[in-house]
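A quick write-up on the structure given underneath.
Derivation of every value follows stated rules applied to the coordinates shown; laboratory data play no part. As the structure is a prediction and not an experimental result, all values here were calculated from the model. Please note: Cβ atoms are built from the backbone with ideal geometry, for glycine as well, and neighbour counts cover all protein chains shown.
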Amino acid sequence: MGALIGILGGGQLARMLALAGYPLGLRFRVLDPAPDAPAGAVAEHICGSYEDKAALNHFALDVSVITYEFENVPASSVEHLATHVHQRAPIYPPPLALATGQDRLLEKQLFERLGIGVPRFARVDSPAELEQAVMKLGRPAVLKTRRLGYDGKGQARIMEGTDLGAAYRALCPADARPGGLILEEFVAFDVEASVIAVRSRTGEVRTWPLVLNEHSSGILRRSRAPLAAFWSGAGSASTASLDEQATVAATRIMEALDYVGVLAVEFFVKEGRLLASEIAPRVHNSGHWTIEGSITSQFENHLRAVAGLPLGETGMRFAGAAAVMHNLVGAVPEVGEPTGLLGVPGCHVHLYGKSARPGRKVGHATVVGAPAEIAVRSEQLRSIADQYWQA
Ligand code: AMP
């Protein structure tokens, strides 16, 4: 029988990991507190809290390796697993990567230490420190919670007239523990990009081509890859040099963290330079296009890495290919209608089995082909995704 992979979190990422792993003979168990967790349809589901020791022990029984699909797994749960089952079932990516990915300050300090370009930032633990940080970084700037922020949540723009006391209190209310914020310079970026990379247990690193990302209301709306097929505005620097910068950054981060598995690094692209914004120590939404666009998807390679199998090729599915992925957010589209997503030639639809709710990622759809060939299909896809979009 194939190895049993334990995944902390049973959302769509765990669901897509399981779907990628069955052809390799792998089996899956997920731990998730939601009874209707999307991965429950395709994996054994332990329904319990991440803090519940009995649920954690049940989850860990007989697994060969433990991984996770979201970075907000409580550190104490990972420590419990590390102490009790690590000898038998390693945890990949390593807990240090999880701790770093949970904290915007730690990740920026890591980028700085590794010589990776990063927006200027300052730690903010009190209203007085916010005043000083704004003096140092200027306005506009972006104030963020260090922890538990995602999809643009837990952040506020500091503009010319912004009342700093009110901004501080909005993110750090009086009844919460004080501090725990970070101020970042506002980057007037040309575009946003990300790199998906994978490192094996033996230290082999592979990266997929740089991805061009567009967000609305802080939520990823569209990803296109490779970046070079869709954007040529790097100025004097070539897009090849951006790919090179991204590979160097991801490799340094993974080596520093003794990383195993897939890592995503998000960047702002400005004047031919990459500025690292954040890492996700897991498979990432901006890598969903790899399912159909690459020789090996991010999901399969994450599993290969954590299970100690050889990594797969990360090149495009065929020479000259490009991929466009649209997120489906809010309402669940009727895919079967003649004018629906399945009517778009070559469209690959992924629904996550989630109910509709504004701001919720309920699925995604991808088209792959030569850039000129998929231009029309991508526009059709966009217009359908836009009809359902509720942020
Ligand atoms: P985050 O939650 O940090 O991923 O931020 C969500 C989105 O907000 C990013 O994808 C950017 O579009 C925008 N954003 C975040 N930080 C900055 C910044 N320092 N400068 C400009 N835009 C930002």
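Values as computed for the structure displayed
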item: Rounded, prolate or oblate (a/c below 1.5 giving rounded, otherwise prolate when a/b exceeds b/c) for the stretch 68-210 by Cα gyration tensor; result: oblate
item: For the stretch 120-185: relative contact order, % (alpha-carbon pairs under 8 angstrom, 6 or more apart); result: 50
item: Cut-off 14 Å between beta-carbons: net charge of the residues surrounding residue 377, Lys and Arg +1, Asp and Glu -1; result: 0
item: Enclosed volume per residue, in Å³, of the convex hull spanned by Cα atoms of the stretch 297-391; result: 109
item: Cα pair distances in the chain, grouped into 10 Å bins until the bin that holds the longest one, percent each; result: 5, 22, 32, 28, 12, 1, 0
item: Test item: Cα-centred dipole of the chain, Lys/Arg +1 and Asp/Glu -1 on Cβ, debye; result: 160
item: Solution diffusion estimate, µm²/s, Stokes-Einstein, the stretch 286-329, Kirkwood Rh from C-alpha pairs, 25 °C, viscosity 0.890 mPa s; result: 221
item: Inter-label distance for residue 41 and residue 96, nm, one decimal - labels placed 7 Å from Cα along Cα-to-Cβ; result: 3.9
item: Computed E for residue 62/residue 132 - FRET, C-beta separation, R0 56 angstrom, nearest 0.05; result: 0.60
item: For the chain, built as a Gaussian network whose Cα springs stay under 10 Å, the top-fluctuating residue of 38, 23, 310; result: 23
item: Computed P(r) (all Cα pairs; the stretch 4-91; 10 Å bins; percent); result: 20, 56, 23, 1
item: Relative contact order [Cα under 8 Å, 6+ residues apart], the chain, whole percent; result: 13
item: Over 23 Å between alpha carbons, listed pairs 153/354; 53/354; 108/270; result: 53/354
item: Whole-Å semi-axes of the stretch 7-54's equivalent ellipsoid (Cα gyration tensor); result: 19, 10, 8
item: Highest-MSF residue in the chain out of 92, 259, 50 [GNM, Cα springs under 10 Å]; result: 50
item: Three-way shape label, the stretch 90-134, alpha-carbon gyration tensor, a/c 1.5; result: oblate
item: Relative contact order of the stretch 10-131, defined on C-alpha pairs under 8 angstrom at six or more residues apart (%); result: 17
item: Principal axes of the stretch 120-185: Cα extent on each, largest first, Å; result: 27, 25, 19
item: Compactness of the stretch 191-388 as Cα Rg over 2.2 N^0.38 Å, two decimals; result: 1.01
item: For the chain, calculated [θ]222 nm from helices alone, where every DSSP H run of n ≥ 4 adds -39500 (n - 2.57); result: -9000 deg cm²/dmol
